[in-house]
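Okay, so here's the structure we're looking at.
Since every read-out is calculated from the coordinates, none of them should be taken as a lab result. Just so you know, these numbers come straight off a predicted model, no measurement behind them. Here Cβ is always computed from backbone atoms with ideal geometry, including for glycine, and neighbour counts include all displayed protein chains.
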Amino acid sequence: KNIQQRPDYHPEVNALIHTKIVFDRAASIGDINLMLAAIFHDLGKAHTTFMSKKGYWTSPAHENISAEFVKKFNAKINSK
């Protein structure tokens, strides 16, 4: 919830609110894989976000760290 986002791309401002919105949309479809993707898709932002010299929040390569979380928890995700 403390991870800020660039407001011109994410008007919801922080990553938690964004992730909740994405998850709710995925849940409305009912696909568990899409719901898991919604949860994991921006987790890497906690490790990469900073204020750029141009004055906006940026999270370069956050998707790589998010993918590492999926790999780390793969056994638990697939155990059901």
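So what is the calculated 222 nm ellipticity per residue for the chain, using -39500 (n - 2.57) for each DSSP H run with n of 4 or more, over all residues, to the nearest 500 deg cm²/dmol? All intermediate terms of the calculation are to be shown ahead of the outcome.
On the way: 5 runs with 43 residues, N = 80.
That calculation yields -15000 deg cm²/dmol at 222 nm.
Residue separation times 0.36 nm, minus the C-alpha to C-alpha distance between residue 31 and residue 61: what's the value? Spell out each step's value before the answer.
On the way: separation 30, 0.36 × 30 = 10.80 nm, distance 2.63 nm.
Length gained, residue 31 through residue 61: 8.2 nm.
Using unit Cβ charges (K, R positive; D, E negative) and no other charged atoms, how large, in debye to the nearest 20, is the dipole of the chain about its Cα centre? Show your work: numbers first, answer last.
Numbers: 11 positive and 7 negative charges, 47 e Å.
Once rounded to the nearest 20, the dipole reads 220 debye.
Per Stokes-Einstein, at 37 °C and 0.692 mPa s, what whole-number D in µm² s⁻¹ belongs to the chain, with the Kirkwood radius over Cα pairs as the hydrodynamic radius? Mind dumping the intermediate values first?
Details: Rh = 13.4 Å.
My calculation gives 246 µm²/s for D.
Show which lysines lie in cross-link reach of residue 54 when reach means a straight Cα distance below 29 angstrom and same-chain residues fewer than eight apart are skipped.
Straight-distance partners of residue 54: 1, 20, 45.
From a point 7 Å beyond the Cα of residue 73 in the direction of its Cβ, which residues of the range 40-59 have a backbone N at a distance under 12 Å?
40-44
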